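Right, one structure below, let's go through it.
The values are calculated or read from the model by the stated rules, or taken from the named source; none is laboratory data. Quick caveat: nothing in here was measured; it's all calculated off a predicted structure. Quick reminder, even Gly has a Cβ in these numbers, built from the backbone with ideal geometry, and neighbours come from all protein chains shown. The accessibility values were calculated without ligands, DNA or RNA, using every heavy atom of the protein model including side chains. Shrake-Rupley method; radii C 1.70, N 1.55, O 1.52, S 1.80 Å.
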Amino acid sequence: MKTMPSVFLGHGSPMLALDRSDVTRSLTALGERIIRDYGRPKAILMISAHWYTRRNLVQRTDHPRQIYDMYGFPEELYKVRYPAVGCAALSDAVLAIPEIGAEADNSWGIDHGAWTPLVHVFPDAGIPVVQFSVNGVLTPRQCYEVGRLLAPLRSQGYLIMGSGNVVHNLRMVRWESRQGSPEAVAFNSFITAAVERRDDEAVIGYAAHPDARYAVPTPDHFLPLLYVLGSCSGRRVTTFNNHLELDSMAMTGYLIEE
């Protein structure tokens, strides 16, 4: 099996799970490309913005529960099922990295940051999923370094995925908008250009950008990108879903390959 790539996904609204659009078709094409070019991953290590903790935690259970960690959406959304199983071998591999010092924790589950895009990327739910938490105590550089420590998992057949948003500002959302505000466009363009040229220092130092406080008012949705960048030093970057909506939400994703 080839060394797996790393992926960052923009997940946006939970309604993504029910959408059938250019964005979701791109996610489906992404999954098909990964399987075609690399084979079926043994399991996915998913770093979702919605498991935001103060420690490095990893799930270790054969049957992680799917959780509906969102409120006020149509009943149809709460009927979506993504019955992925866990993978103890992947959990144990993470726990065995001493520099990370992760702890097993099953208090969370497969949250909507994970299952809403995965229903399109790997719709058969046949690939095990293990969630790894975003540690909000760490600096951006430390998150990047944790990603580097996770990198060897890729050569073992595991796919590392981060799920969040380059731009995510719920306070500035305009629900009728199908584009991005000038601030959102400027920040998304800056980060995308930096990722594509693998200027990781620019992404780690994102807070210096003049529109950072608008685009990243809280770090939870941005930090998964840093784990992903750290996990793969490859310079082949494919940007997908480079699309902004609701004024202050970017759906942009990146596939990073050796």
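Some points to look at:
- Accessible carbon and sulfur surface of the chain relative to its total accessible area, %, 1.4 Å: 52 percent
- Local electrostatic count at residue 59 - Lys and Arg +1, Asp and Glu -1, tallied over other residues with Cβ under 12 Å: -3
- Across the protein chains, with a 1.4 Å probe defining accessible surface, the residues 13, 91 rank 13, 91 from largest area downward.
- Options 179, 139, 9, ranked by Cα towards positive dipole end of the chain, top entry (Cβ charges): 9
- Karplus-derived HN-Hα couplings along the range 190-201 (A = 6.51, B = -1.76, C = 1.60, θ = phi - 60°), whole Hz, x at Gly and Pro: 5, 5, 4, 4, 5, 5, 5, 9, 6, 8, 5, 4
- Accessible surface comparison of 100, 35, probe 1.4 Å, protein chains only, largest first: the order is 35, 100.
- The distance from the alpha carbon centre of the range 44-79 to that of the range 144-166 is 18 Å, rounded to a whole number.
- Per residue, the accessible area of the chain comes to 42 Å² when a 1.4 Å probe rolls over the protein heavy atoms.
- Efficiency of FRET from Cβ geometry, residue 238 and residue 69, R₀ 30 Å, rounded to 0.05: 0.55
- Cleavage-rule hits (GluC sites (Glu not before Pro)) in the range 68-104: DSSP loop, at most 12 neighbouring Cβ within 10 angstrom: 99
- Each residue, residue 207 and residue 19, gets one label point 7 Å from its Cα in the Cβ direction; the gap between the two is 3.0 nm.
- Exposed chymotrypsin sites (Phe, Trp or Tyr not before Pro) absent - longest run of the chain, DSSP non-H/G/I/E/B, at most 11 other C-beta within 10 Å: 72-174
- Residue of 107, 248, 231 that the Gaussian network model of the chain assigns the largest fluctuation, springs spanning Cα pairs under 10 Å: 107
- DSSP beta bridges confined to the chain are antiparallel in about 40 percent of cases.
- Listed residues 239, 157, 168: farthest to the positive end of the dipole of the range 119-258 (Cβ charges): 157
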